[in-house]
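Undergrad: Right, I'll just put the structure down here and ask away after.
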Amino acid sequence: MNEILVLAEHRGGELRDVTFEMLGKAGALAGASGGAVTALLLGAGVRDMASRLTSYADEVLVVDHGNLTDFNSAVYQPVIAEVVKSREPSLVMVGHTAFGVDLAPSLAVALGLPLASDCIDVVLDGGAVSVTRQIYGGKVDARLSFRDSATALVTVRAAAFPVEDGARSGSVTELDTPVSDEPAFRRFVQYVEAAIGDVDITKSDVIIAVGRGIKEEENLALVEELAGLLGGVVGCSRPVVDAGWLPKDRQVGSSGKTVKPKLYVAIGISGQFQHMSGMKAAETIVAINKDPKAPIFSEADYGIVGDLFKIVPALKEKIAEARA
Amino acid sequence: MNIVVCVKQVPETAEADLKIAAGGKGIVEEGLALQINESDNYALEEALLITEEHDGDITIMTLGHESSEEVLRMSMAKGAGTAVRVADPAFDGGDAIATATALAAALKDVEYDLVLTGCMASDDGATQVGVALAELLDIPHATYVTEVEVGSGEVTVGRELEGGLIEKLTIKLPCVLGIQTGINEPRYASIMGIARASKREIELKSAGDMGLDASSVGAAGSGTVLEELTFPPVGEGADILEGTPSEASGKLADILKEKGFV
């Protein structure tokens, strides 16, 4: 029988959404292929999490150990490798998260498994796994298959699949897989929360967000004026923070803020998934970009294709006129 | 502190209108500017900053075709002392782990305390090579690194997690760090540096030189097989407002007024 093994991800005592997204997809794949869904949960004092997972998996494998309190791939990886080796699932799913990307490639090498990362779709066809992942910043989809391997390893993009209501009633199996002490070569020190800045963009109804397309720091004045006209604040995508033009607390996306304003105007932002995961819940999304194939247009309600340096000044004029 | 920085040359695609090449397994690269992968550029800068403070040499390494020597030369112009191109038709078409396998072999006869890579290549987005490389070299790693502080025989790093949370950890040297964008401000090469670097030698390493069996690298050594490239399905998508900048802006202003934003 095909077993699909999903690695449960949690932080601060909470299971993360990507866990349920993967379990939902695994459930659909198992339903179609007559397989079983297994969740693998590593942690310390995780009984409550395990029982919650039983609604989403046929079996929940638990390794409960004090050394697994905080994620450390050096401690987690050998434990997961042991479980995968002994069960030989046809598919192992790990979140394509900061946790997953630090773990999956070393797990693949250690076990000699093929790895496809950041997958947005997974297909099981008679035991053969194929996946779709995005390349060139989300502009192109690539379909990959796996060369002969009993087990395929994939990392799955957050929010690629919806969270379904759990309709299973699985059992919990406590494993006594050995867990090593945290090795001297990689020691967890602490989590540090992001600094809080002077503007909390998550509180604003209108966000004018700017990306790589703005080109120069001095061009920010253009979007600041537009934000002023619409009573909003300026947010941005990662490249603007990387360049040091705006502080980190203005960054919208998976490693920044998740926002749900009434109006989100994305200017010169192509729309990589890391950005879109932080803004797609906005009520009205407007995108201005010179590439008609920019992924941002698939998420936007309204779009203008063209040069932002011509459009934004024109838009400011038209807004002033509309107000008059 | 000797540092190896592994970099990749990628096409600039952020604002380009891409086309899929005949056969459906690649994009048309003609007309696209080639440049150092963005996070690799930050990795190189981090190496330069570390060696400026703690001495040591930088070896810049890439796996790629001849065009990627441009990236090596630009890195030498900024201060890398040695350049290595892992070059062999046998490496073509390799997935991330096959690439890491070749790089690991190339690192065998290099002395290093630290290996830096970008955390992700902007073309394939695999986010795998650095971590796989560490496992192949049997040394520790961390990726999505946004802070590096060099201590005695170890580094303290900050990893960027979701929501801006930073995970601090200490890692013994030698190790591999996957560097995230934004960690520093990459410098530009000087004209003098570029002129000097143009005459420098680049060491080539083939599969045979490194004792690698061609079947263990490249497409033959890859566990994943690229079947087909397609453009993402266009969903409902945006209502595109047509016209000149003024006309399109006028339409948008009307919509914003109707919705009560103006």
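Undergrad: Of the residues that sit in segment A:274-317 and are buried (at least 23 other Cβ atoms within 10 Å of the Cβ) and free of Cβ contacts under 8 Å to residues at least 24 places away in the same chain, which one is nearest to the chain's Cα centre (by Cα)?
TA: The extreme case among them is A:276.
Undergrad: Next up: Output the residue which, of all residues in segment B:210-236 that are loosely packed, with under 14 Cβ neighbours inside 10 Å and without any contact (Cβ under 8 Å) to a residue 12 or more places away in the chain, is farthest from the other protein chains (Cβ to nearest Cβ).
TA: For segment B:210-236, the residue satisfying everything is B:213.
Undergrad: Sticking with this structure for a sec: Any idea which of B:121, B:47 is in contact with a strand residue (DSSP E or B) (Cβ under 8 Å, 6 or more places away or on another chain), assigned to a loop (DSSP other than H, G, I, E, B), of a type in the set (A, V, I, L, M, F, W, C) and modelled with pLDDT of 95 or more?
TA: Numbers: B:47 fails: assigned to a loop (DSSP other than H, G, I, E, B).
None of the other options fit; the residue is B:121.
Undergrad: Keeping to segment B:124-172, report how many residues are closer than 30 Å to residue A:132 by Cα and of a type in the set (S, T, N, Q).
TA: 4
Undergrad: Within segment B:117-134, count every residue that is more than 7 Å from chain A (Cβ to nearest Cβ) and either in contact with a Leu (Cβ under 8 Å, 6 or more places away or on another chain) or surrounded by fewer than 24 Cβ atoms within 10 Å (Cβ to Cβ) (or both).
TA: Residues in segment B:117-134 being more than 7 Å from chain A (Cβ to nearest Cβ) and either in contact with a Leu (Cβ under 8 Å, 6 or more places away or on another chain) or surrounded by fewer than 24 Cβ atoms within 10 Å (Cβ to Cβ) (or both): 5 in total.
Undergrad: Report, by residue number, each residue of segment A:146-165 that is within 20 Å of residue A:124 (Cβ to Cβ), among the small types (Gly, Ala, Ser) and either surrounded by fewer than 20 Cβ atoms within 10 Å (Cβ to Cβ) or without any contact (Cβ under 8 Å) to a residue 40 or more places away in the chain (or both).
TA: The answer is A:149, A:150.
Undergrad: Also, quick follow-up: Does residue B:71 count as of a type in the set (A, V, I, L, M, F, W, C), more than 30 Å from residue B:191 (Cβ to Cβ) and surrounded by 24 or more Cβ atoms within 10 Å (Cβ to Cβ)?
TA: no
Undergrad: Oh, and also: Checking the structure you have, find out if any residue of segment A:263-271 is surrounded by fewer than 19 Cβ atoms within 10 Å (Cβ to Cβ) and in contact (Cβ under 8 Å) with a residue 12 or more places away in the chain.
TA: No; the residues of segment A:263-271 include none that is surrounded by fewer than 19 Cβ atoms within 10 Å (Cβ to Cβ) and in contact (Cβ under 8 Å) with a residue 12 or more places away in the chain.
Undergrad: Across segment A:276-304, what is the total count of residues that are under 14 Å from residue B:241 (Cβ atoms), within 7 Å of chain B (Cβ to nearest Cβ) and part of a loop (DSSP other than H, G, I, E, B)? Give the derivation first.
TA: Filtering segment A:276-304 down to residues under 14 Å from residue B:241 (Cβ atoms) leaves A:284-289, A:292, A:297, A:300-304.
Adding the requirement that they be within 7 Å of chain B (Cβ to nearest Cβ) leaves A:284, A:286-287, A:297, A:300-304.
Keeping just the survivors that are part of a loop (DSSP other than H, G, I, E, B) gives A:300-301.
Summing the residues that are under 14 Å from residue B:241 (Cβ atoms), within 7 Å of chain B (Cβ to nearest Cβ) and part of a loop (DSSP other than H, G, I, E, B) in segment A:276-304 gives 2.
Undergrad: Now, a different point. What strands (runs of 3 or more DSSP E) lie completely within segment A:98-215 and have 1 or more residues being at pLDDT 95 or above and closer than 23 Å to residue B:127 by Cα?
TA: Output list reads A:115-125, A:128-135, A:140-146, A:152-156, A:186-192.
Undergrad: Looking at the structure I just gave you, is residue B:139 closer than 30 Å to residue B:170 by Cβ and surrounded by 24 or more Cβ atoms within 10 Å (Cβ to Cβ)?
TA: The answer is no for residue B:139.
Undergrad: Taking the condition of being surrounded by fewer than 24 Cβ atoms within 10 Å (Cβ to Cβ) and either within 14 Å of chain A (Cβ to nearest Cβ) or in a loop (DSSP other than H, G, I, E, B) (or both), how many residues in segment B:85-97 meet it?
TA: Residues that pass the stated criteria total 5.
Undergrad: While we're on this one: Checking residue A:202 against (1) over 26 Å from residue B:147 (Cβ atoms); (2) surrounded by 13 or more Cβ atoms within 10 Å (Cβ to Cβ); (3) within 12 Å of chain B (Cβ to nearest Cβ), only one condition comes out false. Which one?
TA: For residue A:202, the exception is condition (1).
Undergrad: Now, a different point. Just checking, which of A:83, A:123, A:79, A:94 is buried (at least 24 other Cβ atoms within 10 Å of the Cβ) and more than 7 Å from chain B (Cβ to nearest Cβ)?
TA: None of the other options fit; the residue is A:94.
Undergrad: Which of the numbered conditions does residue A:56 fail, given that it passes all the others? Conditions: (1) farther than 22 Å from residue B:223 by Cα; (2) free of Cβ contacts under 8 Å to residues at least 60 places away in the same chain; (3) of a type outside the set (A, V, I, L, M).
TA: Only one criterion in (1) farther than 22 Å from residue B:223 by Cα; (2) free of Cβ contacts under 8 Å to residues at least 60 places away in the same chain; (3) of a type outside the set (A, V, I, L, M) is unmet by residue A:56, namely (2).
Undergrad: Give the residues of segment A:243-275 that are assigned to a helix (DSSP H, G or I) and modelled with pLDDT of 95 or more, sorted by residue number.
TA: If the condition is that a residue be assigned to a helix (DSSP H, G or I) and modelled with pLDDT of 95 or more, then A:250, A:275 are the ones that fit.
Undergrad: Only one of (1) surrounded by fewer than 21 Cβ atoms within 10 Å (Cβ to Cβ); (2) in contact (Cβ under 8 Å) with a residue 40 or more places away in the chain is not met by residue B:255, so which one is it?
TA: Here residue B:255 clears every test but (2).
Undergrad: Something else now. Looking at B:51, B:62, B:82, can you tell me which residue is of a type in the set (Ser, Thr, Tyr), assigned by TED's automatic domain parsing to the domain that holds residue B:16, surrounded by fewer than 22 Cβ atoms within 10 Å (Cβ to Cβ) and within 24 Å of residue B:206 (Cβ to Cβ)?
TA: Details: B:51 fails: within 24 Å of residue B:206 (Cβ to Cβ); B:62 fails: surrounded by fewer than 22 Cβ atoms within 10 Å (Cβ to Cβ).
Only one candidate qualifies: B:82.
Undergrad: In this structure, does residue A:182 turn out to be under 30 Å from residue A:71 (Cβ atoms) and within 14 Å of another protein chain (Cβ to nearest Cβ)?
TA: Here the answer is yes, as residue A:182 does meet what is asked.
Undergrad: Also: Among the residues of segment B:22-44, write down those that are on the phi < 0 side of the Ramachandran plot, out of contact with any Lys or Arg (no Cβ under 7 Å at 6 or more places or on another chain), touching a residue at least 40 places away in the same chain (Cβ under 8 Å) and part of a loop (DSSP other than H, G, I, E, B).
TA: B:25, B:26, listed by residue number.
The values are calculated or read from the model by the stated rules, or taken from the named source; none is laboratory data. Here the structure is a predicted model, which means the values were calculated and not measured. Don't worry about glycine lacking a Cβ; one is built from the backbone with ideal geometry, like all the others, and counts go over all protein chains shown.
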